[in-house]
Amino acid sequence: MKKRLFKISVVLLAALSIWSCSKTEKPSDATMEKLNVSDYAVSPAGDSIKQYTLKNKNGMEAKIINYGAIITSLTAPDKNGKFQDIVLGYTKPEDYFNGNPYFFGALIGRYGNRIANAKFELDGKTYDLDKNDGSNHLHGGKKGFYTKLWKVDEKGSNDHTLKLDYTSADGEEGFPGKLDVSVIYTLNDDNALEIEYSATTDKKTIVNLTQHSYFNLSGNFTQPITDHELQLKAAQYIPVNNTLIPTGELKNVAGTPFDFNQSKLIGKDIEAADEQLKLGKGYDHCWVLDGKGLRTIGSLYHPATGRVMEVITTEPGVQFYSGNFLDGKYNTKTGGKNEFRTGLCLETQHYPDSPNQPSFPSVVLEPGQKYETKTIYKFSVKK
Ligand code: BGC
């Protein structure tokens with residue numbers, strides 16, 4: 001009898017402890033995982049735009065809005081543990097709504113980068129796109145994905161992760177096929193911002209998604225990025241013509257200002273007498289990245305603050321744009337103006353104008369296939 005009572009009480013105690021554990025853990029789990037949301041602004045279309053704040057356990061924060069899946073801020077620690085915002089952005093929501101002239105923080109689609117003469121052919125049919133960059137098409141057009149209202153998948157989101165979905169209609173901005181797109185931003189506890197892109201289509205189409213954040217690791221948005229050091233693991237880059245469309249050639253970087261295989265000060269060669277630098281008004285080119293699969297393709301380092309950003313991606317190319325078209329028309333988030341070269345982009349993507357360049361890796365997506373790419377911006381410090 002005594003033995004039985006003992007057994008029952010052991011079982012009861014165990015059950016009680018499981019119950020109390022789950023009771024105490026549950027509320028903290030719930031707070032841990034709750035998606036942080038705040039009101040951002042009302043868009044011209046009357047949509048209530050929300051801002052979502054992702055946090056990690058080290059104190060980093062990423063803010064993203066459901067308008068254009070735009071990153072409006074991202075903080076990272078310097079070598080003294082000081083957190084500062086290190087991505088450019090506007091001070092007023094209207095500037096994101098009124099066309100986002102610099103594509104600050106924008107999620108770019110359906111096609112990142114330029115398409116020559118704003119047209120391409122698929123199976124003998126010509127598709128005409130928006131000419132929003134002279135006679136070329138740039139970053140999905142004037143009404144690209146960075147102007148769209150994205151749907152937040154609450155179930156797939158928490159305080160570290162934001163999942164956004166968008167359906168691009170057949171014919172939108174001239175592209176064929178209804179494209180279902182998902183973008184998952186995750187700020188993980190390794191101080192890495194991961195971006196996972198996926199898409200499916202109901203008709204043969206082209207896809208090249210990217211993220212257009214401008215980084216300035218100094219945390220001072222009036223300071224030129226020429227004092228950053230950059231490494232890009234690439235033996236070749238893609239020369240362009242005077243409208244920044246690839247000539248079709250892949251050129252070796254060795255012996256040119258485009259060689260970043262050893263980490264190099266961006267300002268070192270940017271003013272060199274080089275035809276390609278003249279055409280780009282600085283660096284505005286796609287590097288042909290070494291290797292395949294998810295790999296580290298380079299890093300950005302700001303010696304004065306010690307901030308380091310590694311870039312890891314599945315993509316074959318990266319557009320390094322040294323902010324040559326920033327022209328001081330807008331205020332920065334920390335005062336002063338966004339002037340020439342005060343931010344830089346490292347846009348992981350397929351090569352520009354791929355639909356018209358048969359020798360470049362294909363950007364075609366067919367029904368039944370899944371487009372999947374991943375890019376990680378990982379932060380650390382060097383003392
Ligand atoms: C392009 C630049 C362009 C900029 C617009 C970059 O991705 O390479 O040429 O001016 O986007 O913000």
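The values are calculated or read from the model by the stated rules, or taken from the named source; none is laboratory data. Since the model is a prediction, treat every value here as computed from it, not as a measurement. Cβ: placed from backbone, ideal geometry, glycine included. Neighbour counts: every protein chain shown. Ligands, DNA and RNA are stripped out before the accessible areas are found, and what is left, the full protein with its side chains, is counted by its heavy atoms. Shrake-Rupley method; radii C 1.70, N 1.55, O 1.52, S 1.80 Å.
For the reader, a short list of remarks on this structure follows.
- Amide H to amide H distances under 5 Å link I206 with L365, where only residues 5 or more positions off or on other chains count and H is placed in the peptide plane.
- Cα centroid separation, region 165-221 to region 289-349: 17 Å.
- Per residue, the convex hull around the alpha carbon atoms of the chain comes to 177 Å³.
- Tail beyond 23 Å, pair distance distribution of region 172-274 (Cα, percent): 54 percent
- For region 132-164, the residues whose backbone nitrogen is under 19 Å from a point 7 Å from the Cα of E372, taken along Cα to Cβ, are 156-157, 162-164.
- Note on surface exposure: E173, E347 rank E173, E347 by accessible area, highest first, 1.4 Å probe.
- Each other residue within a Cβ distance under 12 Å of Q276 adds +1 if Lys or Arg and -1 if Asp or Glu, for a net charge of -2.
- Peptide ranges 163-171, 179-187 listed from the most packed, as the mean C-beta count within 10 angstrom indicates: 179-187, 163-171
- FRET efficiency for the T222 to D123 pair, using the beta carbon distance and R₀ = 41 Å, is estimated at 0.25.
- Taking the accessible area of the chain, probe 1.4 Å, and keeping the other protein chains in place, the carbon and sulfur fraction comes to 53%.
- For the chain, calculated [θ]222 nm from helices alone, where every DSSP H run of n ≥ 4 adds -39500 (n - 2.57): -4000 deg cm²/dmol
- Under 5 Å from the amide H of H285 lie the amide H atoms of F320, each residue being 5 or more positions distant or on a separate chain, with H modelled from the backbone and absent for Pro and chain starts.
- Ordering of 320-329, 298-307 by burial proxy (mean other Cβ atoms within 10 Å per residue, highest first): 298-307, 320-329
- Approximate spin-label separation S362-N261, in nm, with each point projected 7 Å along Cα-to-Cβ: 3.1 nm
- Debye log10 I(q)/I(0) at q = 0.12, 0.15 Å⁻¹ for region 95-215, Cα point scatterers: -0.46, -0.70
- Nearest-10 value in Å² for the accessible area of H228, using the 1.4 Å probe: 0 Å²
- Using C-alpha pairs under 8 Å with a sequence gap of at least 6, the mean separation divided by the residue count of the chain gives a relative contact order of 17 percent.
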